[in-house]
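The values are calculated or read from the model by the stated rules, or taken from the named source; none is laboratory data. The structure displayed is predicted, hence computed values, not measured ones. Cβ placement follows ideal geometry from the backbone for every residue including glycine, while neighbour counts extend to all protein chains displayed.
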Amino acid sequence: MPQPRPPGSLKEQCVRNITVNIDSFWCQDYIKNWLDQSKSLIFVLGPFEDLPSTLIELIIEELNASGKLRKHHLHLLLLYHLERLKLSRETSEFSYILSLLAQRCKKLRHLGLKSRNLPRKMVNEIFINLELLQTVDLSMTNVADQTLSVIGAYSKHIRVLNLADTDVTDIGISSLCHDLRVSQKTHISRSLLKIDLYGTVVTPKGIQCALINMPNLKEIVHSTVLFSVSKLVESRQRMAEEASVLGGVVPELGPLQLRALQSDEFGSGVFGDFADGEHITSALKI
């Protein structure tokens, strides 16, 4: 006999009940009295104001997963204390939503915008205003080098950055590493622990730039990681030989902090297998 589906926890049932009745009860007053004025209202005191961030996140995720998420829901759910947000499905007036996000959610730490068409001005506002961001997923979006220059200039705490399948180039990687003055390193170049560059326009030179200028980088995904590392090793050896002849000194850069690499060079499918950095230590000690 087939087993009945378990009802889920009390929390799950409450979240599901809220999302089912979101318009008929929770947003009823707002829809009736304030919806026409919504664009003139930056902040709204609504029914979800006192909920903790974790519950607000669950409500947004449930609405998003069911395809029911609408602009007026986010007007009541994008609150100052929200810490995690993923918007992977279409919502109306997306530019307006991003603008609200940049103005309101000052404590946001985790942001997912995968597969979205991002208006450049609004997405730049996000990185200018939300200084506490730690993980950002921009994969399969239209993000380009100009946005990376904004991230490099304003983001101080990002540890995980997913740029897979975007039009990012070596110029964008360089702007993540260096301030307007090449001699000055950006904050993100020191905070970044993982970066996904698979399917981008980044070349081995861009990968080498990241390896040299991001001292705490532990994971990197790209189609030519090993080739980039080997070329970096060759370059360092050549510089050392020239320095010994000329009497100069090559500053030490390594060993690299990488613990995992993912690349087509490892085989086994489109992305290849994750390689443990401990098994390629000879390539990492530069």
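Considering region 94-111 alone, what residues qualify as being farther than 21 Å from Glu49 by Cβ and exposed (fewer than 15 other Cβ atoms within 10 Å of the Cβ)?
Across region 94-111, the qualifying residue is only Ser95.
Only residues in region 157-170 that are closer than 18 Å to Ser115 by Cβ count as the first member; pair them with residues that are modelled with pLDDT of 95 or more and among the acidic types (Asp, Glu), Cβ under 6 angstrom, at least 6 apart or cross-chain, and list the lot.
Close Cβ pairs satisfying both conditions: Asn162/Asp137; Asn162/Asp196; Ala164/Asp196.
Among the residues of region 262-274, are any under 19 Å from the mean Cα position of the chain (by Cα), within 30 Å of Thr141 (Cβ to Cβ), modelled with pLDDT of 80 or more and surrounded by 16 or more Cβ atoms within 10 Å (Cβ to Cβ)?
No, there is no match, as no residue in region 262-274 is under 19 Å from the mean Cα position of the chain (by Cα), within 30 Å of Thr141 (Cβ to Cβ), modelled with pLDDT of 80 or more and surrounded by 16 or more Cβ atoms within 10 Å (Cβ to Cβ).
Restricting attention to region 109-132, report how many residues are assigned to a helix (DSSP H, G or I) and on the phi > 0 side of the Ramachandran plot.
Adding up the residues that qualify gives 0.
Assuming Leu82 fulfils every condition listed in (1) under 22 Å from Gln134 (Cα atoms); (2) out of contact with any Cys (no Cβ under 6 Å at 6 or more places or on another chain) apart from one, which condition is it?
Here Leu82 clears every test but (2).
Count, please, the residues in region 183-197 that happen to be closer than 21 Å to Ala144 by Cβ, at pLDDT below 95 and outside any helix (DSSP H, G or I).
So the answer is 1.
Sort out which residues of region 49-71 are of a type in the set (A, V, I, L, M, F, W, C) and surrounded by 16 or more Cβ atoms within 10 Å (Cβ to Cβ), and write them in order of number.
Passing the criteria: Leu51, Ile56, Leu58, Ile59, Ile60, Leu63, Leu69.
Only one of Lys106, Lys121, Lys86 is modelled with pLDDT of 90 or more and either small (Gly, Ala, Ser) or under 13 Å from the mean Cα position of the chain (by Cα) (or both); which?
Lys86
So for region 84-92 (the condition being in contact (Cβ under 8 Å) with a residue 24 or more places away in the chain, of a type in the set (S, T, N, Q) and within 25 Å of Ser139 (Cα to Cα)), does at least one residue qualify?
Scanning region 84-92, I find at least one residue that is in contact (Cβ under 8 Å) with a residue 24 or more places away in the chain, of a type in the set (S, T, N, Q) and within 25 Å of Ser139 (Cα to Cα), so the answer is yes.
Is it the case that Ile42 is surrounded by fewer than 16 Cβ atoms within 10 Å (Cβ to Cβ), in contact (Cβ under 8 Å) with a residue 40 or more places away in the chain and either among the aliphatic types (A, V, I, L, M) or on the phi < 0 side of the Ramachandran plot (or both)?
yes
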